[in-house]
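The values are calculated or read from the model by the stated rules, or taken from the named source; none is laboratory data. Because the structure is a prediction, the values reported are computed rather than measured. Cβ: placed from backbone, ideal geometry, glycine included. Neighbour counts: every protein chain shown.
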Amino acid sequence: MFSVFRKLSWYFKEQWLRYLLAILALTIVNVIELFPPKLVGMAIDEIQYQTLTSGRLTELLLIFIGLIILSYGLSFFWDYTLFGRAILLERKMRSMLMSHFLKMTPRFFGQYRTGDLMARSTNDLKAIMMTSGFGILTLVDATIFMGFIILMMIFTINAKLTLAALIPLPFMAYIIHKYGKKIHNRFMSAQNSFSELNNYTLESIRGVRVTRSFGQERRDEQQFGDMTEDVYQKNLEVAKVDAFFEPTINVLVGFSYTIGIGYGALMVFDNQISFGDLVTFNVYLGMLIWPMIAVGELINVMQRGNASIDRVEDIFAKKPDVKDPENPKTVALPELIQFKQVSFRYPETEGLQLNHINLTITRGETIGIVGKTGAGKTTLLKQLLRQYEPPTGDVLINGIPIQQFTLDQTRQWMGYVPQDHILFSKTVRENLLYGCGPKDDDEIESILESVSLKEDIDNLPNGLETLVGESGVTLSGGQKQRVSLARALLMNPEILMLDDSLSAVDGKTEANIISHLKRERNEKTTFISAHRLSAVKHADQIIVLENGRIVERGTHDELISHGGWYKTQYTIQQMEEVDS
């Protein structure tokens, strides 16, 4: 159970002084709280024996008020310090998680769905925060405070009476231990169900257009209701066990009260303790209620925190497939890119997606990559993006294996427009400038003209300042594609990769984009993967992929004269354009 503290030891070592001061202040407050009951007992005895004077009463009241003021100041200090550190831990771990997510590769995101990662970044971190704050409080109160109370009862009242009143304590410890095990298992199950619900909710919101177009709203509502009910029932199971804690403790404390009052009264009659001592003893028994409840809360919080930190540590245990080298190489510009006998297979798949690729590209060239769906076009581009472990063979930049460069250096050369266009819930301007820094309006408008997007943007309610909604939901598919294109062109990277990024534009827009690329990127490298061959007609090299192999290569004219798949496909597309 207490292994959660070991797992968080790195943070406690970092914040040891703050935690030490908070625990010290909390301990002093606990000691201070032991004196008022004793003062009350002394006052009762002096009233009983008619020895209480006005001076003595004033003295007792002043001591009482002084203890209250001191306790108030110290309570504020430990509360602010302890729970402030807990909030800081949550912030720190959330930042660590985000940093970890950004380092991970597609293989990781294939194993964990977005909703699950969100659940671990929210609910689980809240449980860990509770452990480092409320968990420390309950630990101190369930051990130090309880120990002080029991010692005061033994040494200032009567040892036999104290031991008799604490007979129910071992039974309580055993029962709470059993409850703790159940809470751990049920809380893990509840958190897993919450992750599944998060995933489903996220997918439902993203796919709301598809759901409506297929008339599946009722089915979606039913499935969501079933998953919500499952989360509710599993959290209810946790709550059921949780609900047993306080009643169990109250019953056992009730037994302690019964023993204390009954046996204590007999001791008063036998003159073994005074009436004031009996009153003080019962006040101490009342004070024991919170430490005993704290034992239950401690078990509860520890088990939840342990379950949550295991889930979070499971994420941290995953390491990225691609790492920076220990002694990285550096070059100023990627003058030469080479693929030498490159073969690649995606993790957990059979067969090669790239098979003995040989390709040489000099800076300033435009490379067209064409082929049937699934031929390996996107996979070839991803070798430069370094999203997976290095393939067999060599991918070289200026003659140096690409894995000998840092990820930051290779990726700062790249501008990539993927097939699935990702826009952020920001303005059009912010989406356009993502990754390239400030640009003046003239430069932005020039790029928008080149992708035939300026008129569309001007027609939006607030132009460039229009919010596009989550994932660009307010824009059409073609508009999203052109915003992604414009974003990449504004970056003007050394290596631009367009992965079937001209599929949603018409012939005129495509011609504008190609004209811009030829004019503005004649000294930089461009890869264009496309199904429509007119997009690569101008390329310096065109390669045709089939089943991960290069089956044809050359310029447009050379491939037409060769009479293979490229010529056949080009002829078909030309005929389709004429018919349309």
(request) Identify the residue in the stretch 388-399 that is surrounded by 15 or more Cβ atoms within 10 Å (Cβ to Cβ) and modelled with pLDDT of 85 or more and, among all such residues, is farthest from Lys524 (Cα to Cα). (result) Gly393
(request) List every residue pair whose Cβ atoms sit under 8 Å apart, with the two residues 6 or more apart in sequence or on different chains, where the first one lies in the stretch 317-331 and is of a type in the set (A, V, I, L, M, F, W, C) and the second, anywhere, is assigned to a loop (DSSP other than H, G, I, E, B). (result) Val322/Thr105; Val322/Arg386; Val322/Gln387; Val322/Tyr388; Val322/Glu389; Val322/Pro390; Val331/Asn398; Val331/Phe405
(message) Can you go through Leu62, Leu57, Leu24, Leu70 and tell me which one is at pLDDT below 90, surrounded by fewer than 17 Cβ atoms within 10 Å (Cβ to Cβ) and part of a helix (DSSP H, G or I)?
(response) Leu57
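Quick check on this structure: which one of Leu448, Leu475 is farther than 26 Å from Gly554 by Cα and part of a loop (DSSP other than H, G, I, E, B)?
On the way: Leu448 fails: part of a loop (DSSP other than H, G, I, E, B).
After applying the criteria, what remains is Leu475.
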(message) Can you pull out every residue in the stretch 453-471 that is surrounded by fewer than 13 Cβ atoms within 10 Å (Cβ to Cβ) and either hydrophobic (A, V, I, L, M, F, W, C) or within 24 Å of Glu510 (Cβ to Cβ) (or both)?
(response) Glu455, Asp458, Asn459
(request) Scan the stretch 411-447 for residues that are out of contact with any strand residue (DSSP E or B) (no Cβ under 7 Å at 6 or more places or on another chain), buried (at least 19 other Cβ atoms within 10 Å of the Cβ) and not aliphatic (A, V, I, L, M) and jot them down. (result) His421, Asn431
(message) Checking Arg219 against (1) at pLDDT below 80; (2) assigned to a helix (DSSP H, G or I): exactly one of these is not met. Which one?
(response) (1)
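Within the stretch 490-517, track down each residue that is in contact with a strand residue (DSSP E or B) (Cβ under 8 Å, 6 or more places away or on another chain) and outside any loop (DSSP other than H, G, I, E, B).
Across the stretch 490-517, the qualifying residues are Met491, Ile495, Leu496, Met497, Leu498, Asp499, Leu517.
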(message) If the requirement is being surrounded by fewer than 18 Cβ atoms within 10 Å (Cβ to Cβ), at pLDDT 80 or above and either under 30 Å from Val31 (Cβ atoms) or not assigned by TED's automatic domain parsing to the domain that holds Gln272 (or both), which of these qualifies: Leu166, Leu151?
(response) Leu151
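Only one of these is closer than 22 Å to Phe255 by Cβ, modelled with pLDDT of 85 or more and assigned to a helix (DSSP H, G or I): Lys126, Lys178, Lys160. Name it. Working first, answer last.
Working: Lys126 fails: closer than 22 Å to Phe255 by Cβ; Lys178 fails: modelled with pLDDT of 85 or more.
Of the residues listed, the single one that is closer than 22 Å to Phe255 by Cβ, modelled with pLDDT of 85 or more and assigned to a helix (DSSP H, G or I) is Lys160.
Tell me, which residue of the stretch 333-352 that is touching a Lys or Arg at 6+ places or on another chain (Cβ under 6 Å) and of a type outside the set (A, V, I, L, M) is surrounded by the most Cβ atoms within 10 Å (Cβ to Cβ)?
Start the filter on the stretch 333-352 by keeping residues that are touching a Lys or Arg at 6+ places or on another chain (Cβ under 6 Å), which leaves 335, 347, 352.
Subsequent filtering for residues that are of a type outside the set (A, V, I, L, M) retains 335, 347.
Values: Glu335: 15, Pro347: 12.
Out of the qualifying residues, it is Glu335.
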